[in-house]
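What follows is a set of notes on a single structure, which appears directly below.
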Amino acid sequence: MTDRLAVTPLRYHPDIEHVEPDEPQTARELAETMLSIAEKTYADSGHAIRCVHAKSHGLLAARLEILPDLPLELAQGIFAAPRTHDAVVRLSTTPGDLLHDSVSTPRGMALKVLDVDGARLPGSDGSASQDFVMVNGKAFNSPSGKAFLRSLKMLALTTDRLEGAKELLSKVFKGLESVVEAVGGESATLKSLGGNPPTHILGESFFSQLPLRHGDYIAKLAIVPASDNLRALAGTRLDTGDDPDVVRHAVECFFIEETAVWHLQAQLCTGLDDMPVESVEAWDETMSPFVTVARLVAGPQAAWNEDRSVAVDDGMRFSPWNGIAAHRPLGSIMRLRKLSYEKSAAFRSQRNATPVSEPVSCPFAHAGSAAIRNTGS
């Protein structure tokens, strides 16, 4: 028997979004700024990397198990019926340059769910996958699109410069963030500047931060540790002093023998007054809690190697705009992201030996293969 929800969610309707007249110009400036980051790192290395989330710490074959008997309001989009999908998980940190792990910035989890059905979002017609892009914080770190652009321009000025200074500033910001957290708070700004605690990435919870359509409804998503071995890592500190890739090595060590289980959860919007679509603030969980709709499972495997990096870091894009219309991204920041993601993927695809394309399957999920078979984008 399907349980009833404890909340009454708001139905999606197109006029919930409010597009500012100058939003297209802001989107162009944002894309240009992101590309300036990619151009700088490419000029230095001869290899094109992502404008943001350039450094990967884990590249995982996984499966997404949609739960049965979900309430109708949650059984929407790819969650409409119980089914198991192959998936790819990319764990990363936010900067657009490859820094020593002592520069501790927010962590990301990008999830690509393979072989999904449904009408496609504009620009993703050649794909059969659904991407969810998440960060280990509930609130987006800029209050508006213009503020996001200003902060990105500042970040672009520091790309690939003064790594020693970045390490020192990261220590200062981590100290300030620990003071904020000691009194029950959290600062997305301090974390974005290098104040993210140097914790084990597999103990983190990840959030879409921004809303999406959830079929006939509206939701924010989360991926949270479910298995005991992941929960035990929550808050576990890593020594970032000597090993520049300590986060990656910790992930590799875990997956030698362990299986990770996360819950994918949805938080439904119950009203625009308290849960506005255009806002970047976290929604009140006492009004609408996150509810589990699927399990994400990754078994023992080589969690990172050069072959997987070529296939995923070089050969794939992860974008909230790669998916089905039932999970359309909503709000100003999501709309502004679309052009930037497209330009970033094209930049990498045109310059690297491995072009960016959409996978049709993930062979190493079953056979330990180090490559992912792709179709043209």
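Observations on the model:
- The label-point distance for THR84 and VAL360, in a model that sets each label 7 Å from Cα toward Cβ, rounds to 2.3 nm.
- Alpha-carbon Rg/Rh ratio, for the range 298-370, with Rh computed the Kirkwood way: 1.04
- Normalised contact order of the chain, rounded percent, pairs of Cα under 8 Å and 6 or more residues apart: 24
- Largest to smallest in accessible area, the residues HIS18, HIS249, HIS327, HIS263 fall in the order HIS18, HIS249, HIS263, HIS327 (1.4 Å probe, all protein chains included).
- Around CYS253: net Lys/Arg minus Asp/Glu count, Cβ-Cβ under 13 Å: -4
- Its alpha carbons considered, the chain gives a radius of gyration followed by a Dmax of 19.5, 59 Å.
- With a Förster radius of 30 Å applied to the C-beta separation of HIS18 and MET154, the computed FRET efficiency comes to 0.65.
- Estimated from helices alone, the mean residue ellipticity of the chain at 222 nm is -8000 deg cm²/dmol (sum of -39500 (n - 2.57) over DSSP H runs with n ≥ 4, per residue).
- The modelled label-to-label distance for the pair SER227/GLU39, using points 7 Å beyond Cα in the direction of Cβ, is 4.5 nm.
- Counting only protein heavy atoms and a 1.4 Å probe, the chain has 42 square angstrom of accessible area per residue.
- Sorted largest first, the spans of the alpha carbon positions of the range 62-149 along the three principal axes are 43, 30, 30 Å.
- Counting only residues at least eight positions apart within a chain, or on another chain, the aspartates and glutamates with an alpha carbon under 12 Å from that of LYS55 are ASP97, ASP101, ASP245, ASP313, ASP314.
- Legend: residue pairs LYS112/LYS338; LYS40/LYS220; LYS40/LYS138; LYS112/LYS146, Cα-Cα distance threshold 27 Å; pairs beyond threshold, LYS40/LYS220; LYS40/LYS138; LYS112/LYS146.
- Of the GluC sites (Glu not before Pro) found in the range 268-341, those in coil by DSSP whose Cβ has at most 11 other Cβ atoms within 10 Å are GLU285.
- The value of relative contact order for the range 235-377, using C-alpha pairs under 8 Å at least six residues apart, is 21 percent.
- Charged-residue dipole, Cβ positions (Lys, Arg, Asp, Glu), the chain about Cα centre, Debye nearest 20: 500
The values are calculated or read from the model by the stated rules, or taken from the named source; none is laboratory data. Everything quoted here is computed from the prediction, not taken from an experiment. Cβ atoms come from the backbone with ideal geometry, glycine included; neighbour counts cover every protein chain shown. Protein only, heavy atoms only, side chains kept; ligands, DNA and RNA dropped before computing areas. Shrake-Rupley method; radii C 1.70, N 1.55, O 1.52, S 1.80 Å.
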